[in-house]
Amino acid sequence: MRVYWPTTLTALARLAGSGELAPAPVTVHAVTPTLRDFYADADPRDLEEELEFVAMTDAAGRSVRLLAEEPAAAPRRVVLALDVPDAAVESTRGAWSGPERSQVRVDVPLRLADLVSVHVDDAEAEADVRAAIGALAAADAGDEDAQFTLEACEGHDLLWYDAGELPLLLAVG
C-alpha cells in the first residue's frame with residue numbers, strides 16, 4: 001500500500017543514512033475507506049489519483065506542524081511516498097473531514113528501501129510556509145484568517161523527486 005509520511009528536510013537528512021526512517025508503529029497518511037467515502041461522487045476515472053493527492057496533501061499539512069517544532073529546518077514541506085505491506089496498515093478511523101480522514105497506522109518500520117518518491121516545496125513556497133507556521137496556534141483556535149494562511153501552502157505544488165534522487169536533494173536542500 002502506498003503511504004505518505006510527513007517530515008522535514010532536516011529530519012530526513014538525519015535519518016537517511018540509517019536506512020530506517022521511522023520505527024513502528026508510525027502514523028502516516030494513505031487512501032482510507034473514510035477518504036473514499038468522502039469522495040464517493042468523484043469521477044471514477046481519476047479517483048485513485050485524486051485520492052492519493054488528497055492523502056499526500058494531508059501529509060503535507062502535517063509537515064507544516066513538524067516544521068513548527070524544528071525552527072532551524074528549511075521552511076519547506078516534505079512528504080515521502082513509500083510502499084508498505086497492506087497487512088501492516090491499520091486505519092485509525094479518522095474524522096469525516098480534515099487530515100484525520102487519511103490517517104493510518106503502519107505496524108512496520110518505514111525504511112529507505114520502501115521509498116518510491118520524495119515530494120518537497122520549492123523555494124517560492126518558503127514565505128507561505130513560514131506564514132503558515134506562524135499562524136498554527138491561531139488557526140487551531142478557530143481564527144478564520146489564520147486558517148486561510150495555513151491553507152495558502154496548498155496553493156504550492158510539491159515537487160516530485162524519484163527515490164534515487166534523494167542524495168542529490170539532500171545535498172542541495
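Taken together, the values in this text are just the output of simple stated rules run on the coordinates, not laboratory data. Only a predicted model underlies this, so the values are computations on that prediction, with no experimental measurement involved. Cβ sites come from the backbone with ideal geometry, for glycine too, and all protein chains shown count toward neighbours.
Of the trypsin sites (Lys or Arg not before Pro) in segment 1-87, the ones in a loop by DSSP (not H, G, I, E or B) with at most 12 other beta carbons within 10 Å are Arg45. Computed from the Cβ-Cβ distance with R0 of 25 Å, the FRET efficiency linking Ala68 to Ala13 stands at 0.85. Over the chain, all Cα pairs binned in 5 Å intervals from 0 give whole-percent P(r) values of 1, 9, 17, 21, 21, 17, 10, 4, 0, listed from short to long.
Distance between the 7 Å Cα→Cβ label points at Asp162 and Ala138: 4.4 nm.
Working note: 222 nm ellipticity from helices only, DSSP H runs with n ≥ 4, each -39,500 (n - 2.57), summed and divided by the residues of the chain, gives -11500 deg cm²/dmol to the nearest 500. Of His156, His29, His119, the residue with the greatest mean-square motion in the GNM of the chain, using alpha carbon springs below 10 Å, is His156.
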